[in-house]
Ligand code: CUK
Ligand code: CUA
């Protein structure tokens, strides 16, 4: 809650607290506050640009990955007020996500990998669903780098509705990214591994370890990924990385960076002396001057898949590199030194790649790439027979930006982009068409991704930029060695220099990427339709129903009681407890918990939750509503008795 305190303090300080220290308390003027707090004109301007008077809403909504928390963070711009943490890969009690047997439990269960329940995720890249290359506000996808999975979040409810497990990857990174009409959600592997789940010696790295990109088919009508219509394109054991999808002139194509095309495999400090003379990973993996961008014609891959040109691995269709090359659908282009960012321009013509160990951004021209492919003019082939295009012949320009350039986001203004400079701790504003660097703004500290308003769409808005910084060091009150992250809001309005507006601490994992959507595109519901749940309990039809050892409890909740209020069962009974919140009023949520049984639910207006547990302990267990829902909220309770 650090963020709220910070924000509140700022506001209170501006308008109230300072007053307490002056004798003219309520006759206080703005200049008194300015003096009291030592604010500059710039500070005042930034405050005025970000302060939302009570009830005023934000113009944009940011969906940020929650890093290791396995959740998604939702906040408003320009106020930087946090609105929600969406539970995705991690149980979250307030939302009742992953407790009892609510529908959310089933979603978390889908995330089991090889039988193992995994209760966290390393979330990196959210992707909003798109229609014709523009955010449509319907869904957002989120990946888990550590345990290769992709989640679907329905923006009608801001709840996770599906998790799909990648059947063949052992890690991933270039995800989530969507095609312009959200036909597919892409997931690129990261650390090469055998597709099978078997042990394979590292000696067979080049022949048996593989990378790839999975194209998850999204069924928009159902709002779910259809695993049965999804496929993977096999790739060499390079470390595939950030991925983006073509649009406009490059529609039907996708682009995936890679690192460690050296195929260097550790050994530093390894007991196995075989690797003793080799370099450590960091040196070995960046020995070459270039790595490769993988260029995939996914439309052609889809055709191969539909024609049955695949092999099933772990029950999942994999299109071989060989078949892709034969179909003229897979290519490589050299990229300078440990590339990372990979961003397609709004018109789809240019791909901007930045190398962590290079000071330049390289701008590739898709029309040049396509011309070379059409002419079959290739510079060489890699060890796996994939054609390599000539680097300089595909290039539009290279522009020197600074140290450690990573990711790029687009402005409304034609040609204007923003690139994060990790080592420099700065944001570069530049023109990728003319190749001119315009200005650099220092940030605090070490920026990873950045996000501009609607910055990944065919029509970016400009206006605001958020720098997703990796370190916060001295920006906030010290809370111990693990510091919060720092998201810095920057004004990028045309015609004036970029300037910093706001620092927001984020104490929930390390967000990697975020997307910013116009708030009015989102149309979430405030209540569920009556009877929209299978186990809906009608008021007046509550009760306890026994069938042998199986006891079904049908309850309703409304301010300020549960019906029934006293439930008596026998030790060993299997309990299925359905509760319908029959409220229709907005924000009238009831919580539900039973002492000792590790059960918790959030029952939102119109919602029915189901909990299953075994009454395996004798005793008296009060149950109660955990949301302060009315004046008699504490009285909203009952007894669950086990004989
Ligand atoms: S990222 Cu995942 S390592 Cu630059 Cu997209 Cu942070
Ligand atoms: Cu319902 Cu408290």
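For the stretch 437-455, give me each residue that is in a strand (DSSP E or B) and either more than 17 Å from residue 403 (Cβ to Cβ) or touching a residue at least 24 places away in the same chain (Cβ under 8 Å) (or both). Selection gives 437, 438, 439, 440, 441, 447, 448, 449, 450, 451, 452, 453.
Is it the case that residue 500 is within 30 Å of residue 80 (Cα to Cα), within 16 Å of ligand 1 (Cβ to nearest atom), within 40 Å of the chain's Cα centre (by Cα) and outside the structural domain of residue 629 (by TED's automatic domain parsing)? Answer is no for this residue.
Whether a residue is in a strand (DSSP E or B) and either surrounded by fewer than 17 Cβ atoms within 10 Å (Cβ to Cβ) or within 40 Å of the chain's Cα centre (by Cα) (or both) was assessed, and residue 545 passes this test. For the stretch 165-182, the tally of residues that are assigned to a loop (DSSP other than H, G, I, E, B) and either within 16 Å of residue 344 (Cβ to Cβ) or at pLDDT below 95 (or both) stands at 4. Checking each residue in the stretch 336-353 for being outside any loop (DSSP other than H, G, I, E, B) and either touching a helix residue (DSSP H, G or I) at 6+ places or on another chain (Cβ under 6 Å) or modelled with pLDDT under 95 (or both) picks out 336, 339, 340, 341. Only one of 463, 494 is more than 21 Å from residue 39 (Cα to Cα), in contact with a strand residue (DSSP E or B) (Cβ under 8 Å, 6 or more places away or on another chain) and exposed (fewer than 14 other Cβ atoms within 10 Å of the Cβ); which? Unique residue meeting the criteria: 494.
A single entry from 122, 134 fulfils the requirement of being farther than 20 Å from residue 227 by Cα and within 16 Å of ligand 1 (Cβ to nearest atom): 122. Note on the stretch 616-632: among residues that are outside any loop (DSSP other than H, G, I, E, B) and free of Cβ contacts under 8 Å to residues at least 60 places away in the same chain, the one that is farthest from ligand 2 (Cβ to nearest atom) is 619.
Scanning the stretch 633-643 for residues that are more than 39 Å from the chain's Cα centre (by Cα) and either near ligand 2 (Cβ under 10 Å from one of its atoms) or buried (at least 17 other Cβ atoms within 10 Å of the Cβ) (or both) returns 635, 638, 640, 642. Restricting 471, 489, 482 to residues that are away from ligand 2 (no atom under 16 Å from the Cβ) and either outside any loop (DSSP other than H, G, I, E, B) or outside the structural domain of residue 348 (by TED's automatic domain parsing) (or both) narrows the list to 489. Residues that are farther than 23 Å from residue 534 by Cβ, near ligand 2 (Cβ under 9 Å from one of its atoms) and at pLDDT below 95 occur at least once in the stretch 560-579.
The values are calculated or read from the model by the stated rules, or taken from the named source; none is laboratory data. Bear in mind the structure is a predicted one, so any value in this text is a computation, not a measurement. Note: ideal-geometry Cβ built from the backbone for every residue, glycine included; neighbour counts use all protein chains shown.
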